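Just below is one structure, and these are the notes that go with it.
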Amino acid sequence: MTTLVLEHVSRSFGPVRAVDDVSLAVPPGSVTALLGPSGCGKTTLLRVIAGFLEPDAGSVALDGRVVAAPGRCVPARDRGIGYVPQEGALFPHLDVAANIAFGLRGRAGRGRRERVARVAELLDLVELPRTFAERAPHELSGGQQQRVALARALAPAPSVVLLDEPFSSLDAALRASTGEAVVAALRAAGATGVLVTHDQDEALSLTDQVAVMRAGRLVQAAAPRELYARPADADVARFVGGAVVLPARARAGRATCALGDVALVSEADEAALEGEVTLVLRPEQLRLTPERAATHGGALARVIDVGFHGHDATVRLALLDDADVRLLARTDGLTAPEPGAQVRVDVVGPASAHPR
Amino acid sequence: MLTAVVVAALALVPLGFVAYDAAAVGPREAYDLLWRPRIGELLWNTVRLVVGGMLACAVVGVGCAWLVERTDLPLRRLWHALLVAPLAVPAFVTSFGWVSLTSSVQTYAGAVLVVTLAYYPLVYLPAVVTLRGLDPALEETAQALGHGRLAVFVRVVLPQLRPALLGGSLLVGLHLLAEFGAIQMLRFPTFTTAIYDQYRSTFNGGAATMTASVLVLCCLLLLLTELRLRGRRRYARLSAGSARPADRQRLGRWTPVGLLAAAGVVALAVGVPTYALVHWLVVGSSTAFPVADLLAATGTSLALGAAGAAITVVLAAPVAWLAVRHRGRLAGLLEGSTYVSTSLPGIVIALALVTASLRVVPDLYQTYALLLSAYAVLFLPRAVVSLRAAIEQAPPVLDDVARSLGTGPLETIRRVTLPLIAPGVASGAALVFLAVSTELTATLMLAPIDVATLATRFWSASSSVAYGAAAPYALLMVLISLPATVLLGRVSAGGGDR
Amino acid sequence: MPRKLRALALVAATAVALPALAACGGGDDGPSITVYNAQHEQLITQIVPDFEKATGIKVKLRNGSDLELANQIVAEGKASPADVFLTENSPAMTLVDGAGLLTKVEPAALKPIPRQYVPADRDWTGFLARSTVLLYNTQKVQQADLPTSLLDLAKPAWKGRVAYAPNGADFQAIVSAVLQLEGEDATRTWLQGLKANGRVYDGNNSVLQAVNAGDVDAGITYHYYWARDRQENGENSDSSALHYFTDGDPGAFLSVSAAGVLASSSKQSDAQRFVEYLTSAQAQQAMGDSYALEYPLNPEASLPPEVKALDALQPPKVDLTQLNSSKVVDLMQQVGLL
């Protein structure tokens, strides 16, 4: 069991600060996502942790042992960190068994029987049939290649496994199932995982902690639910899940916006806010009712268009009073209004607010 | 990086020599030398031979690759082996074969025909590899969009073949710029034959190297054109799914035509020179089989070929590595500089190395070490081209993975990089071997004394009209080239069956 | 894959073994000389064993062409490993002489050679000669129509009928003879006529093939190309014959193969002995009896009777050392032949 601790890690490429003063703790046995748009520095950070890059400043500690600090760097091969790159990157000249056994040392690597056993064990762990052992990488589907790549990373029993956008090349259906299988295998192996991704669904659904990065900086690190409910700012909110962002005036734990009077999440900072704020609501917090007139509270809006997803639908709206105010709501798929319809918009639950 | 710079510097010795010598010619004299009708004529001849040869090689190479890879032509494996076989026949032997049978090839068309037959495998090989690796989904998509077979080939397959086509054609073009033996026999005057003539007639090195500088310009033009057309090349990468082999085009009643085309190319490229050699063996009164001489020359050719191949590949490795892993202006410059000497006639390179080695390392003069460096300078591009393609098959992420699995740098090279690039190393080495074992001018001037190769023996006999005596050496040259040729055929065919 | 790796290992091992192999070959036993030989290799190797047996001096040959070896010696300068240089045509020797790299040939070597084949400064000596001839296709040219002078070939009667190889040293030596004998203007006129009439080929073998095949009626060449093909299998000489010019006509020009000793040689006496042997009756007759069919210059030696004898030829008087005139090339360039 390990804790991975980053303290004030920075890394530049020329004038560009790819990673800027990042501190993060990854608890043992958990899976943490590094989430951010492309170019935010998350892959650079991962490569610093792996030991492929040295930090310019700050330190990386594994289980209390500093593995990277300026001038003192344990090489990647001695860190005991598993690494699953994009698209798996299986060794094309080796079959599945040889790929998995590549990093095995000592007895497990030398003895033929031990090796076969370990390979079988790992294939089980990533839920692939044992008969796959003799296949060549190009005979596997993309999802299967990813699982083999994970098995290969897990084989030497590393305490930390780093996954660099491992599912980005898979199609949507495969992505979800592969993601679940991979995380399940990580947990089964008791390994701590760090997953780089730009896919917020993936981050929220698969991990215990999400670290959001923007322009090299760590903006927020929190459990998925916490992150979703209380994003650090409007940009994080927009990036993690859809967001309805409205100007509002706050006072005593409540805020007044175009949708009326809204409660603020009952945490100290928000409750203390006064005056002009930016209000962040989640689309599913907007409840739509077919209605010709606003009766009690709420606001009237016209449906611009509807994105139907089956289980739910996203509805874009414009306020009748002020057509410049655009809203996004998520409703039950079957009861979604038609475009052009007029609806009443009510807010359910508290909103997060950020000083303007 | 430093090694690559040293290698490039070595490769640039001949260019420096050309520049130095050409600079010694006064501007007035240079003007007179370069501004005369004969130069225009030579330029026209060189350009049309290079362009015609490149185009013809591209057509024949891609056509044959398509027949072998994308149609249900019977006996495809046999055809593949036979279509690679011309690599085993040195260009001047092909030329000799044709010329000794008929003088009708001694025209522009004939010259293009003969050089095409000698050099088309340089396009055919990479084309076969690319066609095999091409995702059939691309073609299917295009067909679904309503394009006919031909349109699909032109609009989808050909663009994918572009890197192979350009790389292969570039090699053909560079060789044609510098080719002397074959073209001289074809009586088609080009810049290179003119440079030899100048050395022969005026014994005026300055004038000859002045002319050579025009060749350097032609070479740069070719390189730039290739670079322009190559554009941003897509890296080879592991597929996200399993690759399907492509459906083959049914030839149906066209099968005899396909067979005839393949047989025709093989007959013209391999059959004619072989027939000519056998003919001379049988009818020539000077035919003799001096066993000891033949064995000695064969041994020397084999050893020089192998050593030359090994050294050239080793020297090419850092250049290719830089070109792939650290793309940039410097890497491009270094890579480009290795190509220049390929476009220079052998005599210019040999004289440059005579001058340079006597000044810098007189003790190495006319030793194997110097001879092998000369081979390396001459044939670096063959190795760089193959290695570059191979290194692109070994993306750096694999190194990262290996390191994360506890592997040290040397072990990574042994367990990951080498196995992956081995086919490329092998084909690079084979290409260099083929070139070295038939090289003439540099061998004549720089080999240790009393060392004779099959090529020098062949030259010596054929230049005294003793065709019968020359033939056994040529046949042996073909024979020792066969293993390398087979290897090249295997590597190109084996890409997909692991 | 392992097979490929093994093959690579084999290649690498050979590469390592090669220098060792070279070391074995370089055993230093007894005196030896290095000869840069631009004459035909087979011809010189026929006389070398007898020389080695007679003198105990080992002869190391570096073979090449006039073009390569002359330029190489000049490039090497004083550092040249060569002791003796043998050329196919004399201009290559004149180039080396012009660079001041030769020492005088000793009288013993010069004695058997008629004086017209040795330059006045005795820096080198001729040892073999080849005669200019007009090769003609016997079906296309009647004997009565054969020209009396090489210069006649520039006349309109020969339009489209003459083959020659202007790029070759052979033809250029012939032009330099014309230049020396007839002067610049006449030579230019002749070359212009030849360019108008002639068909350019890339070598004398090509000329031989073309004339014999009837592609062209006649060709300017040296005598031995045709004569050797008669000896080989006659395939390229069965419908053609040789016409020797007479009366000191430029077309009867004899080009000389030359032997010289390098001034930088540290083995002067051994080198001189080799040249002496080369001009001796024994070596000259051995070369005369060979396939080469070039004229031995020692009067005691002769060619087989099928070839017109040297003393039956009527060559013009030419100063061999003046043949390297770059004017020849200038003229040919002006006319557009180079």
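The values are calculated or read from the model by the stated rules, or taken from the named source; none is laboratory data. Note that this is a predicted model, so its numbers are computed, not measured. So basically every Cβ, Gly included, is an ideal-geometry build from the backbone, and we count neighbours across all protein chains shown.
Can you pull out the residues in the range A:295-331 that are in contact (Cβ under 8 Å) with a residue 60 or more places away in the chain and of a type in the set (Val, Ile, Thr)? Listed by number, the residues that qualify are A:THR314, A:VAL325. For the range B:316-326, check the following and say yes or no: at least one residue is within 14 Å of chain A (Cβ to nearest Cβ), of a type in the set (A, V, I, L, M, F, W, C) and either surrounded by 22 or more Cβ atoms within 10 Å (Cβ to Cβ) or in contact (Cβ under 8 Å) with a residue 60 or more places away in the chain (or both). The answer is no, given that none of the residues of the range B:316-326 is within 14 Å of chain A (Cβ to nearest Cβ), of a type in the set (A, V, I, L, M, F, W, C) and either surrounded by 22 or more Cβ atoms within 10 Å (Cβ to Cβ) or in contact (Cβ under 8 Å) with a residue 60 or more places away in the chain (or both). If only residues of the range B:59-84 that are among the small types (Gly, Ala, Ser) and surrounded by fewer than 22 Cβ atoms within 10 Å (Cβ to Cβ) are counted, the one that is farthest from B:PRO126 (Cα to Cα) is B:ALA81.
Can you tell me which residue within the range A:112-143, out of those that are touching a Gly at 6+ places or on another chain (Cβ under 7 Å) and crowded, with 19+ Cβ neighbours inside 10 Å, is farthest from the other protein chains (Cβ to nearest Cβ)?
A:ARG115
Reported count of residues in the range C:34-79, each being within 20 Å of B:TYR199 (Cα to Cα), of a type in the set (S, T, N, Q) and at the interface with another protein chain (Cβ under 9 Å from one of its Cβ atoms), is 4. Of everything in the range B:280-299 that is modelled with pLDDT under 80 and farther than 17 Å from C:GLN42 by Cα, the residue that is farthest from the other protein chains (Cβ to nearest Cβ) is B:LEU281. In the range C:247-264 there is no residue matching the filter, namely being assigned to a strand (DSSP E or B), in contact with a His (Cβ under 9 Å, 6 or more places away or on another chain) and hydrophobic (A, V, I, L, M, F, W, C).
Can you say whether B:ARG415 is part of a helix (DSSP H, G or I), farther than 30 Å from C:GLN231 by Cβ, modelled with pLDDT of 85 or more and in contact with a Lys or Arg (Cβ under 8 Å, 6 or more places away or on another chain), as far as the supplied structure shows? No, not satisfied. The set of residues in the range A:175-194 that are buried (at least 18 other Cβ atoms within 10 Å of the Cβ) and out of contact with any Ser or Thr (no Cβ under 6 Å at 6 or more places or on another chain) comprises A:ARG175, A:THR178, A:GLY179, A:ALA181, A:VAL182, A:VAL183, A:ALA185, A:LEU186, A:ALA189, A:ALA191, A:GLY193. The lone criterion from (1) more than 14 Å from every other protein chain (Cβ to nearest Cβ); (2) out of contact with any helix residue (DSSP H, G or I) (no Cβ under 9 Å at 6 or more places or on another chain) left unmet by A:CYS73 is number (1). Among residues of the range A:156-174 being touching a strand residue (DSSP E or B) at 6+ places or on another chain (Cβ under 8 Å) and in a loop (DSSP other than H, G, I, E, B), the one that is surrounded by the most Cβ atoms within 10 Å (Cβ to Cβ) is A:PRO166. Within 14 Å of chain A (Cβ to nearest Cβ) and either more than 30 Å from C:LYS58 (Cβ to Cβ) or at pLDDT 85 or above (or both): is that true of B:GLY489 in this structure? Considered against the rule, which asks whether it is within 14 Å of chain A (Cβ to nearest Cβ) and either more than 30 Å from C:LYS58 (Cβ to Cβ) or at pLDDT 85 or above (or both), B:GLY489 comes out as no. Do we find that B:THR225 is surrounded by 14 or more Cβ atoms within 10 Å (Cβ to Cβ), at pLDDT 80 or above and within 14 Å of another protein chain (Cβ to nearest Cβ) in this structure? Considered against the rule, which asks whether it is surrounded by 14 or more Cβ atoms within 10 Å (Cβ to Cβ), at pLDDT 80 or above and within 14 Å of another protein chain (Cβ to nearest Cβ), B:THR225 comes out as no.
Within the range C:188-198, being buried (at least 18 other Cβ atoms within 10 Å of the Cβ) and either closer than 17 Å to C:VAL329 by Cα or under 24 Å from the mean Cα position of the chain (by Cα) (or both) holds for C:TRP190, C:LEU191, C:GLY193, C:LEU194, C:GLY198. Touching a helix residue (DSSP H, G or I) at 6+ places or on another chain (Cβ under 7 Å) and either closer than 14 Å to C:HIS223 by Cβ or exposed (fewer than 15 other Cβ atoms within 10 Å of the Cβ) (or both): does that describe C:LEU303? Taking the combined requirement at face value, the residue satisfies it.
Output the residues belonging to the range A:208-253 that are closer than 28 Å to A:LEU319 by Cβ, in a strand (DSSP E or B) and touching a helix residue (DSSP H, G or I) at 6+ places or on another chain (Cβ under 9 Å). Answer for the range A:208-253, where residues must be closer than 28 Å to A:LEU319 by Cβ, in a strand (DSSP E or B) and touching a helix residue (DSSP H, G or I) at 6+ places or on another chain (Cβ under 9 Å): A:VAL244, A:VAL245, A:ALA250. Could you list, in sequence order, all residues of the range B:173-192 that are part of a helix (DSSP H, G or I) and at pLDDT below 80? Those that are part of a helix (DSSP H, G or I) and at pLDDT below 80: B:GLY181, B:GLN184, B:MET185. Scoring A:ALA25 on the criteria (1) at pLDDT below 90; (2) assigned to a strand (DSSP E or B) leaves a single failure, condition (1).
Every test in (1) free of Cβ contacts under 8 Å to residues at least 60 places away in the same chain; (2) buried (at least 23 other Cβ atoms within 10 Å of the Cβ); (3) assigned to a helix (DSSP H, G or I); (4) within 14 Å of chain B (Cβ to nearest Cβ) is passed by A:GLN146 save one, and that test is (1).
Specify which of the listed residues (B:ALA402, B:ALA394) is within 10 Å of chain A (Cβ to nearest Cβ), free of Cβ contacts under 8 Å to residues at least 60 places away in the same chain, more than 17 Å from the chain's Cα centre (by Cα) and closer than 28 Å to B:VAL340 by Cα.
Values: B:ALA402 fails: closer than 28 Å to B:VAL340 by Cα.
From the options B:ALA402, B:ALA394, the qualifying one is B:ALA394.
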